[in-house]
Structure formats: structure tokens, C-alpha cells
1. Residues in the stretch B:422-434: is at least one among the small types (Gly, Ala, Ser) and farther than 19 Å from residue B:184 by Cα?
2. Consider only pairs whose beta carbons are under 6 Å apart and that are at least six residues apart or on different chains; among these, list those whose first residue lies in the stretch A:122-135 and is more than 7 Å from chain B (Cβ to nearest Cβ) and whose second residue is among the polar types (S, T, N, Q).
3. Can you pull out the residues in the stretch B:287-344 that are farther than 26 Å from residue B:367 by Cβ and of a type in the set (Val, Ile, Thr)?
4. Across the stretch A:31-56, which residue is surrounded by the fewest Cβ atoms within 10 Å (Cβ to Cβ) among those that are within 18 Å of the chain's Cα centre (by Cα) and within 12 Å of another protein chain (Cβ to nearest Cβ)?
5. Would you be able to tell me the number of residues in the stretch B:559-579 that are touching a helix residue (DSSP H, G or I) at 6+ places or on another chain (Cβ under 6 Å) and either within 14 Å of another protein chain (Cβ to nearest Cβ) or surrounded by fewer than 20 Cβ atoms within 10 Å (Cβ to Cβ) (or both)?
6. Of the conditions (1) part of a helix (DSSP H, G or I); (2) under 20 Å from residue B:699 (Cα atoms); (3) facing chain B (nearest Cβ under 10 Å), residue A:157 fails just one. Which one is it?
7. Name the residues in the stretch B:667-708 that are among the acidic types (Asp, Glu) and either surrounded by fewer than 22 Cβ atoms within 10 Å (Cβ to Cβ) or in a strand (DSSP E or B) (or both), would you?
8. Six or more apart or on different chains, Cβ under 9 Å: which pairs go from a residue in the stretch B:437-462 that's in a loop (DSSP other than H, G, I, E, B) to one that's at pLDDT below 95 and surrounded by fewer than 18 Cβ atoms within 10 Å (Cβ to Cβ)? Could you list them?
Amino acid sequence: MFTLDQSQGVALFARLFSSLYINPPTLELLQELTQQNFADQWPFDQDQQSRATLNHWHATLAQEDNLSALQKKLTQEHLHLFIGVGMPQVPLWGSVYLDAENLLMGPSCQALEKFLAQADLMCTLKVREPLDHLGLILAALAVFLERIRKDGHQNQDVLLTIKNFLELHINPWVYRCLALQEQQASSFFYQAVGQLTHSLLLNLSQVFNAQKIKTQLYY
Amino acid sequence: MKNKKITKSTPCPPSIGRREFMKLGLMLGAGAFIDLHGLPSFASNIPVGEKTVWSNCWAHCHCSCLLKMVVEGDHIKRVETDDMGDDSFGMHQTRACLRGRSLHKRTYAPDRIKYPMRRIGPRGEGKFERITWEEAYDEVYTRLKGIIDNYGNDSIFCRIGYNSVAGPYHFVERFLNSIGGHVQAHGNYSNAQINEAVKLTYGGHFNDSSPMEMAFSDLIVLFGDNPAVTRMSGGGGTYLYQVGKGKSKARTIVIDPRYTETACGREDQWIPIRPGTDAALVEAIAYVLISENRVDEEFLRTHCYGYDAEEGHPEKGIPPLPADLGYKAYILGTAPGENPKTPEWAAPICGVPVQTIIQLARDIANAQSPFIAQGWGLQRQAAGEQNSRAVCMLPILVGKLGMRGTCNGANAFSAPESKMEMMPFGDNQVKAKVPCFLWPQAVLDGQNMTAEKDCIRGAEKLKSDIKCIVQYQGNWLLNQHGGTNQLAEILCDESKLEFIFIMENHMTASAKYADILLPSITWPEDSRYNVYGTYAVYAEPVVERLFGCPHPYEVMTELARRFGVHEQFTEGRTWDQWQDHLYLKTREKCPNLPPMEELKAQKAMRLPYDPDEERFGMKEFRQDPEAHPLKTPSGKIEIYSLEQAKRAQTWIMPAGEEITPLPKYCETWEGYSEISTSKYPLQFISYKPRSRAHSTFGNIPWLQAALEDCLHINPIDAQARNIRQHQWVEVFNDRGKIHVPVRITPRIMPGVVAKPEGTQYSPTAQGVDLGHCANTLTKLGGRSHVVKANAVNTCLVDVKAL
């Protein structure tokens, strides 16, 4: 099944992508990503494609002679992709895809927030934001995965939580979102983040036997 | 043991790569969630279950309806409306229109402006970078201070979009006044001309008669008035219009270039009229009334000044008037240089047949209680003041105003206006006020604008060009002003406007031109009291503010703090403390309102409405004009305006425009009179959309699906241009081009095309506005003769199939 090591690894990558969806990378993070190649840490052994992506990601960063300029560029790209000057190019909230009027905080968002609350997660954000944001979802996923570690064994509740989270609240819409990201992201950086997030969720779904239930999408 | 074997079961230290990877985790931090698994449970602070919360609509429609928000957890599920009581008339509900019911769709729009932004790149390209709130406060402070230091407060222009109950954004101008002041606008885009017209004629009384008075009328005549759309909510007048009219079943005549929703089978006669020619029609009616001896000569003598010769009152400073300067001589053509304003003269101008004019005049003369009113379409013209004054002449000539069932020819809107006390602006050190529509001229050449030439008020002239604009909501910086292409060029010139500061919910055409663009909260996230129609409400925030957006009052407070005027601006009050304070002050004026504690507890309360109350103005004046003079120079109804006579002596007018003491039909630039010589043979007007309040709500697809944003064109004009139903067309003139789908319909008269205003200006590189904003066709400097106000309904275009 899934070793502690693997779940720890997935959780870390989830946290990394979460951070990059919520905010553009800081200079410090860029420097870290430039210095360290984490391709070998990718927790899904069969997934050579993702290792290659990680290698390439690291290589492009290592070649960058002006990280500061890159950081500014990525900040702008992040603004247009995910926050929007007006409508973001890649809305990261599930509700935009699942709600017939593409509104935030739709019934799917409420369902997800209820799910998280019932799964004993408490949001520490000081401001009110819809929690069905891909960045926040990845952060929640990381917490669930780290529970495997905390419990020290394969706790059925935790496994079910992860399965349901993927199957009911993530899989119905996230691949459409990631496809948009592939179209719209101008930098290899955010292309890579999208591809790797895609792989992570797909592989995790396989491990936890989470289905992709055919759902009507409105965006 | 010497050689301790490392077996698989012995935990290995992490490899180098693994260790670095774990460090990454530390760098990324804790993330947005805390795991409470296994810990003692605690009550979440997000409420569960469904509940309803009373709230209020703030849309820019001159009314305000009671809303009932259905909330689940802390999400607004849907918006319902006033359902208190049994809706029996007199205790009836104030029910929201479709716009009010979509308020939450603005709150939850994914394209909402979420965080503060700073422009990068040239102005107008719409390129921004995100900044923090602290950076925003510091930068706005620094730039505003720079403007004031370099150019003075006279270089700052601001107008809040809606200076009244439904949009209480007074804290913006209050803030500017606390840091030395700013140039204010006089008049507004909606009704500057009619306000002036009515002030000149009646000294005020612009909206005296409620449509309820129609219950006592035997004839209703509406000039360019479309309450079914412009007052379409329960808080607006359309319900009262239906009830009032329903009681008397008075014959109703709708005079409008379009067969509006107010007509559409609910009228008895539609008289199509060419835009801008209402004054000509009125003069012909006046001719019939006078020559058939149907005017009320006594009323004209006792209550009016200027119908015929006047003796005047030297002691009161009222000059005598020779007969040939009076209205009668003007209409009959006995004044030197004047022709008789016969129906035969008027018909080719206004497009109303001679017989129709004559019959209309007789209908008015025969009516015991004619209710004659106008909307705002005919005043939004180059000679708008003339049109408005002209329509007022009709009740004046037959002496039917200030009595039951009548209207003085001006507006007849609404439910009882709210008497809510607004946050005081504070003392504005800058006294000069610029006509609302002339602010772009003040940017280009403000220091040369004067009272005589440009209707500057409060001062002889402006001291400075405008270098800085502050816009809180509103879309007047570009979209809602005349001549979008031409105005965009001015906005792009950073040497002219050095600082543009905008706070807004959505990326409007105006917002793209901001230097600093800040989000604001939407109305369900705000709080206030309101008293309107048949309710009083204490509306608390329905949901928590999204994306951490501060209350705009807090934003202004932070700015005031940096300027060192925090105490002066806030008077020590938070927003909610201000709301309490203003409600208490309101109750001082209106003690019948519920006590604050009761309203806070109940949240929404019904206020009674007396169906039979007298709701017409000028009653006392009518009964005793000596004892109750009007606020005109003569104290009487001024058919001949003494104020206008003064201005005619001193004002500097462009060629072809004149200030006239009498209401007169005037030929104007791009009026009907120019059709024969113009390249552009069609008159273009815009009208209010039911799916928006101007451009607000335009980003809600659910609403936009309810109304087709298209160009209305008569079958005759469409056929002449080989235009097929629903196809896309180009509407164009020298100023711009728009592409828009067409609706061929007999609901608009030949020679006129019309579209809803408020769609967002979206020019392509080739210069075509695909957002088909009406103002891409209108004239930037197109202002009215007297108060230099918004004349966008004076516009010539042509249309071609695409």
C-alpha cells in the first residue's frame, strides 16, 4: 500500500504546491528550489514522467541567472493566473466549476467546508476565503496524510477520509482546472506545478482507490 | 560490540536529499489548517443550519428594497425579499426586483477585485501588481499629499456615484474635506437639467407628486417617463403607479420615442416623438390651448410671472415685462421675429401628426385633474433644460397643479423618499463646484473655467486644473461619461491627471485606468440602517467580508490617520457607531420612526403608508401665492425666468447656444434639425436596462440573460440597410464604432435607434468597441446649454449590417 515514507513525501509535495498556489514563490523558496533537486524524493516510484518534470524544473531554475527578476515575473503570472485582474485565468475554487453560475461559495464549497470541519480540521486563516481553493485543498490533504504518520499505522478512518476527500470534493473538477493551467501558464515553473499537482492527485487517487465520478462542469 | 551491523530494521539517518527535502517543509510553514484530530472537540464558530437575515439593497436605482437573505452556515444561499404582513395596501411590502435578488452573486463573483493593486505599465492597459493594504495606504497618502503640496486641494476632483440613501458613501468626500477639501460636482449625470429647469420655474418642487395621486386623475400624460423600468422595484414608484392608476383608470398617454414597458398595452395612447423635440410639441399644444381659449388666464395672472405683460413690483424688485417678451406673444408669434408655434410648424419637427397634437391639447384642456409628468430622458439632451421647462408649461397653462390628482409637470417618482440622515461631508475649504459633466474639461483646462462661461458655481472660476481623481465605486471615470474613445485618451495622459485612485468591486472600464485600485466590500458585507418605502431596517453584515477586505470607512480612517486628521474624520466613531448616531439624528427629524433599540432587536419593521394622504406639492402656494411664495426671484411660477434673464446678459455662450428667459424649443448640435445635413441620419438614445443598475450587475450572467442587450431599430430603417433580425451590426459616427446584435421592432419609431446603457467599453486594437458601450458614440463635451450637464441623448449615428 502506502508507506509512511511515501505519505510523508506526498504531504511535503502537497505543501509545496499548496504554497505556490496560494502565493507566488518567495525569493528564499526559489533559491531553495534552485539549490536542491527533489526529483528523487517523488514518492510514486513508477511515475518517471514526474521525476523528469522535476529534473527539468530544477534545471531551468539552476540556469536562471537572475532569480530576483524571475521572482517578479512569477509574481505577475500568479496574479493573472490565480487571483485575477478581474477574472483569473485559472480559477482555483471548485465552486466556479461545479456551480451552474460559476459563483464562489456555492453548494459544493459548503459541502467541502462541512467535510473539513467534520474531519477535525480547523482553518487558521485570519480572513474569510472560500476553502475549496486548490492551494487550501492541498494543505488539507497534507494534514490528512500526516495523520497516517501520527497514527503510526494504517488507520481506516484516515484512509477513508482521504479517499472521500479525493473522490467527492477534488476529482470532480480539479482536472479541468489543471487543464486550464496547462493552457494558460506562460512559465515552465507554473506549467510544472500544474503537471506535478495533476500527477500527485492522480497517483494518490489510485492508491486510495478514489474514483473520478463523472460530474457536470460549468466552466 | 565492535562491529554493529546496520540492518534494515535499524532506522537510517535520512539521505542528504531527504534531509533537505524535510527542511523544505519547515520553510513552507504550518499551512492553513490545524489538525484537531483526537483532541477534545469544540464548537466551531461557523453556525450551522439555515437562517434568514434581514438586509437591504444599495443598488443605484433611487430606491431601496428590503431583502431577506437565506444563509446556510455562513454562506448566502439565496435572496428573498420583504414578506412581512399580508401585503394589503397601506401595509404593503417593499419587494425587491431581480437585481436586488442577485446581490449575493456580486459578493460571490469570482472576478471580484480581491486585493489592493498598483498599476504597472502605461495607464489604461489594465496591468496591475498586487500590493499589501499597508503599502496601499502609504502610497495613496504619499501621492495625495504630493498632489496637495504641488497643486493644492483645488486640483482634486471627486464625486461619489450616488449621493443619497441607497449609496451612503459620504465618508469619501468627508475624508477629502478633512484634508483640505476638493472640487465637488454640482448636478449629476441623471437629472441636472431637470433640477435646474424646475428651480428656475418653480424654485424647486422637482418630485412633489407621488404616482398615488393618479388615483384622483382623469388624464395621465407621461413625457419620457418609464416607471415600469426606471422605478421597477417595490421601493421604486412602479407599484404605486399601478395602484394609483388602477384606482382611477385614467386615460394614459405615453409620449416617448420608444414603446416602453410602461406602455406595452397598459396605456391608451402612445405618441412617438423624436428625441429632443418635446419643447416643440409643447409649444404647439400651448398654441392650441391659447388660441382656443383653454388657458387659465386668472391662474396665469395671479400665480405666474411672464405669461403676458407684467406690471411688476418695484418694491419687491420684480421688473415689469412688456407683452412681447411674454410667453403668449412667443407662442402666438406676435413677438417680433417669432413665428406662430402652430401644430403645422411643430409636426415636421417632433414627428407627431397635426391632428394628434390638437387632440392632445384638447384632452389636457378638458381634463379636470390632469397628471402631467416627465422622466429624465428628455432633459438629458443638449437643450434639456428647455425641454423640461416646456413640459412644466402644460399644467401651468391650464392652471392644474398644486391640487389633488395633478403633478406640476416635473417628476412623479416613488415611494416616500428616505429621510435618513447622511454622514456629514464636513466643511469643504474648496468652494468652487464644477458641472458634473465638465470634469474632463477641468482636467484639460480647469484654470480657465469660469462661472459665466462654464457654469462654475460657488466661485467665479476654478483655481487649478484637476490633477487627481478619486472614484469610489461608480463608473463615470470612463464608461458612463460621453465619448469613451476621446476620454480614454485624456485619461492616458499622466501629465494631465497625475493620480487616479479608485475603489471598486469589479474591473470596470473605469477601474482599468486606476493608478491605485483597491477592492471594496459588497453590500451584504456591510451594515446600516435604512428607512424607505414601507419599512425600516437595521441591516447587519450578512456574511463576513471575503478576502479580508476592510470596510471602506476603515480605509479612509487609515488614510486620515496618516494625514493626522483621524479625530476630525472619525469624531471618535467606528462605522457602526456612525450608523447608530445617524439613526438617532434621523429620529430627531422623524420621531415616528421606531426607537433604535426596538429596530435593532426586530431588524425589520413595517412602516404604515396612508393610501389617501395628499401627495402633491405646491398646495399652499396654489391656495395663497402671496402668503406662500415660491423660492423664485419673483415668488411666483416663472414662465419668464428672471434668473435666466440675468444670465442672458452676462454669460458667455458658444455660437448657436443662447440662454432664454422663456422655455423655448432650440435647435442644437446633433439634434433632429441637423439630420438633413449630417452624415449620420439616425438619432441615437440609450435607456435603462432592467438587468442592471447602469453598469452594476453587468457581470452577473443570470441577470444579463433576462435582458437582451441589443440595438432596437425600426423595420423601416432596418430594411433600408439590409439588416436582418438578430444579426450583428455596426453603429458608428465620427467618434467611435460599436458592434452589437440588433432587434428589429416597431417598438421604436423610425429615425431613432436605441440601446441599453451600462455595458462595459471594450475596444479592440482596431478601434471597435465590442462591449458596445453607448458612450462610445456620444460626445465627450456634449453638454446642455444652461448647467452644462450630461446630454448623451443628443447624438447622431448610422448603422450598417456586418
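The values are calculated or read from the model by the stated rules, or taken from the named source; none is laboratory data. This is a predicted model, so every value here is computed, not measured. Because the Cβ atoms are built from the backbone with ideal geometry, glycine has one as well, and the counts that use them run over all protein chains shown.
1. Going through the stretch B:422-434, the residues among the small types (Gly, Ala, Ser) turn out to be B:426, B:432.
Checking the rest, the ones that are also farther than 19 Å from residue B:184 by Cα come to none.
Within the stretch B:422-434, not a single residue is among the small types (Gly, Ala, Ser) and farther than 19 Å from residue B:184 by Cα.
2. A:132/A:95; A:135/A:18
3. Hits for the stretch B:287-344 are B:318, B:334.
4. Filtering the stretch A:31-56 down to residues within 18 Å of the chain's Cα centre (by Cα) leaves A:33, A:38-39, A:41-44, A:47, A:49-51, A:53-54.
Next, from what is left, pick out any that are within 12 Å of another protein chain (Cβ to nearest Cβ): A:33, A:38-39, A:41-43, A:54.
Details: A:33: 21, A:38: 22, A:39: 17, A:41: 21, A:42: 23, A:43: 21, A:54: 21.
Checked the stretch A:31-56; the qualifying residue surrounded by the fewest Cβ atoms within 10 Å (Cβ to Cβ) is A:39.
5. 5
6. Residue A:157 satisfies every listed condition except (2).
7. Keep residues of the stretch B:667-708 that are among the acidic types (Asp, Glu), which gives B:667, B:670, B:674, B:708.
Correct list: B:667, B:674, B:708.
8. Pairs that qualify, where the first residue is in a loop (DSSP other than H, G, I, E, B) and the partner is at pLDDT below 95 and surrounded by fewer than 18 Cβ atoms within 10 Å (Cβ to Cβ): there are none.
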